[in-house]
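Chemist: Right, I'll just put the structure down here and ask away after.
The values are calculated or read from the model by the stated rules, or taken from the named source; none is laboratory data. In this text, all values refer to a predicted model and were calculated from it rather than measured experimentally. Cβ: placed from backbone, ideal geometry, glycine included. Neighbour counts: every protein chain shown. Ligands, DNA and RNA are stripped out before the accessible areas are found, and what is left, the full protein with its side chains, is counted by its heavy atoms. Shrake-Rupley method; radii C 1.70, N 1.55, O 1.52, S 1.80 Å.
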Amino acid sequence: FQYLKRFDQGYNLDTFCYEALSVEGNPAECLQQFLLHCGIVDPSWSELRNFTWFLNVQLRDCEASVFCNSDFVQDTLQGF
């Protein structure tokens, strides 16, 4: 949710990193973000769950990768 919210607001996501147990927004706002970005017009709860699970795994792996660390790559992979 935090990544999607910042993406919609035009923030540079290359420098953002999720902090465990940090809470932003409310459940309705979170659901709205997922519905906007999941890519399905009328998704089921199962489809939303799969979307959030997949996105979470990808973002967690991205944050853990040295190749996605802006301090390491500096500006060589801008927007990657």
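Chemist: State in Å² the accessible area per residue of the chain; use a 1.4 Å probe, count heavy atoms of protein chains only, and round to the nearest integer.
Modeler: That works out to 79 Å² for each residue.
Chemist: Just the Cα atoms of the chain: what Rg and Dmax do they give in Å?
Modeler: According to the Cα coordinates of the chain, Rg and Dmax are 13.8, 40 Å.
Chemist: Run the helix sum for the chain: -39,500 (n - 2.57) per DSSP H stretch of 4+ residues, divided by residue count, reported at 222 nm to the nearest 500 deg cm²/dmol.
Modeler: -15500 deg cm²/dmol
Chemist: For residue 30, what charge total do you get from the other residues with a beta carbon under 11 Å from its beta carbon, if Lys and Arg give +1 and Asp and Glu give -1?
Modeler: Neighbourhood net charge equals -1.
Chemist: For the chain, which whole-number percentage of the solvent-accessible area (1.4 Å probe, protein heavy atoms only) is attributable to carbon and sulfur atoms?
Modeler: Percent of accessible area from carbon and sulfur atoms in the chain: 58.
Chemist: Continuing with the same structure: Taking Cα atoms, how many degrees apart are the long axis of helix 45-64 and the longest axis of the chain, rounded to 10 and kept between 0 and 90?
Modeler: 10 degrees
Chemist: Okay, moving on. Go through 1-10, 20-29 and give me the packing order, highest mean Cβ count within 10 Å leading.
Modeler: Taking the mean over residues of other Cβ atoms within 10 Å, the ranking is 1-10, 20-29.
Chemist: For helix 27-37, report the angle its Cα long axis makes with the longest principal axis of the Cα atoms of the chain; keep it between 0 and 90° and round to the nearest 10°.
Modeler: It works out to around 70 degrees.
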